[in-house]
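The structure appears right after this line, and notes come after that.
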Amino acid sequence: MEYGLRWASILPTYTYGKFLQNYWDSARYDPSKAVSINTARGLTQGSIIPGSGDPFNGIVEEGNGSPSGFVKHRWNNWAPCVGFAYDPRGDGRTAIRGGFGIFYERIRQNINNFDGLGNPPLTYTPSLYNGNIDHVSPALIEQGTRFPVTVRAMNADGKIPTTYSWSFGVQQELPWGLSLDAAYVGKQSAHLQYIIPLNQLPVGTTVNTPILRDANNISNAIRPYLGYTNVNYTDYGANSNYHALQVRASRRFTNNFTINLSYAWSKSMSVVDNDGDAIADKFNRRREYGPASWDRTHVATIDYVYMLPRLMNRNAFVKYALGGWEVSGITTFASGFPLTITSNGNPGTLGGGMRADYIGGQITPNQQTWQEWFNPLAFARPADGTLGNTGKGILRGP
């Protein structure tokens, strides 16, 4: 029986009982030792030509000239938190409050360390062709055909995601058990994690040059780092911010009734929304800056509790079946989430991330419906070799 078989060989490394990982480091990648990729037609098209170079070019073992975890250890992070409260009249009915703090977030292990367990040579998947399955052996697997693989990498500088938070507000007690609280709240975050597609080409490369055609359309033969498909590189250069006017009116629980009305007028901007999000153009991080996916300009919330009478003077059935009930609820009104108009296309980068081109015309119909919230005819597929001219979150949902 002849077959095509893919076989995974997992080769963990142990030192003194401690499991060590391998990381890919662009500074350790040596172009003179790069492998060659087979572009000829056939079963092995796109594979690494045996003996053509180092198939683990750029791979370094944790602790071998690098700190554990492969990132710089940062200690004694300065994180002050200060605040004040002032009663201008001294009657306990008015309060002016403010504060500022610096806060640190952990670096996500499951994106860097755990996903890095798939880096070679801890894990690789050779392909075996034209053999018998009962002849599979470690020696045969070792001689199998290797193809470029995806690797996980990270910035060894290891900056810690940091948030600067501040607020200033006034609280006022009002008659009839009411109180009013109005505040400005702001946050600025820096050194946030995001993924750079390090093994992509500059925008338009494969469209404006014959480089891909000359390689028989084998994309892995023209990547900057040969021997690898995607190099998912975690950097710590993303940022985000949040600014809001927050107002809250409250009624204390009296006469079996309490209610709170909250309103926020806010704006949140970000480069990426999650630690594992990747940008489309590794040379232009700024392109991804726009409204965060969770941003809502207006949010109004009402929460309330009303205790119904206990009916103590009624018969037992009425008192226990109908008396003492509580009615409560939370009602929220919010404006829509940001919407990004994506598109298919060929950016010429060996990657994706295209957004539509705005070609003119009215974007919002005179009569918006659930079926047609915006005018699709105002947008078109971007030209090959481009990523589109529209930004992130340019529209708002209902």
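The values are calculated or read from the model by the stated rules, or taken from the named source; none is laboratory data. What you see is a predicted model; the values in this text were computed from it and never measured. FYI the Cβ positions are ideal-geometry reconstructions off the backbone, even for glycines, and counts take in every protein chain you see. Side chains included, ligands, DNA and RNA excluded: accessible areas come from the protein's heavy atoms. Shrake-Rupley method; radii C 1.70, N 1.55, O 1.52, S 1.80 Å.
Assorted remarks:
- Solvent exposure of R152, expressed as accessible area, is near 30 Å², computed with a probe of 1.4 Å over the protein chains only.
- In this structure R248 has an accessible area near 100 Å², from a 1.4 Å probe over the protein heavy atoms.
- Per-pair calculated FRET efficiency, R0 = 25 Å: S36 and L140 via Cβ, rounded to 0.05: 0.60
- Only Lys, Arg, Asp and Glu carry charge here, each on its Cβ (+1 for the first two, -1 for the last two); on that basis the chain has a dipole of about 1060 debye about its Cα centre.
- Y194, Y233, Y263, ranked by accessible area, largest first (probe 1.4 Å): Y263, Y233, Y194
- Dipole orientation for the stretch 267-398: of the candidates L322, S268, L377, L322 has the Cα lying most toward the positive pole (charges on Cβ; Lys, Arg +1; Asp, Glu -1).
- W265 - accessible surface, heavy atoms, 1.4 Å probe, Å² rounded to 10: 140 Å²
- Potential extension, C81-D157 segment - 0.36 nm per residue separation minus Cα distance: 24.8 nm
- Accessible area in the full protein assembly, largest first, 1.4 Å probe, for M269, M312: M312, M269
- The listed residues Y236, Y184, Y225 rank as Y184, Y225, Y236 when sorted by accessible area, largest first, using a 1.4 Å probe.
- Once the 1.4 Å probe is applied to the protein heavy atoms, the stretch 164-235 comes out at 46 Å² accessible per residue.
- Put a plus charge on the Cβ of each Lys and Arg, a minus charge on the Cβ of each Asp and Glu, and nothing anywhere else: the dipole of the stretch 233-283 about its Cα centre is then about 620 debye.
- Dipole axis of the chain (+1 Lys, Arg; -1 Asp, Glu on Cβ), positive-most option in T206, G397, I133: G397
- Probing with 1.4 Å while keeping every protein chain in the model, the per residue accessible area of the stretch 262-398 equals 60 Å².
- Positive-end extreme of charge dipole, the chain - chosen from T297, Y164, I279 (charges on Cβ): T297
- Listed values (1) 4, 15, 20, 19, 16, 12, 8, 4, 2, 0; (2) 5, 21, 30, 29, 14, 1, 0; (3) 5, 24, 33, 25, 12, 2, 0, entry calculated as P(r) over Cα pairs in 10 Å bins from 0, in percent: (1)
- Surface share of carbon and sulfur [accessible, 1.4 angstrom probe, percent] for the chain: 55 percent
- Only the Cβ atoms of Lys and Arg (+1) and of Asp and Glu (-1) were treated as charged; on that basis the dipole of the stretch 271-376 about its Cα centre amounts to roughly 400 debye.
- Of all lysines in the structure, the ones whose alpha carbon falls short of 28 Å from that of K159, not counting any fewer than 8 places away in one chain, are K18, K72, K187, K267, K282, K392.
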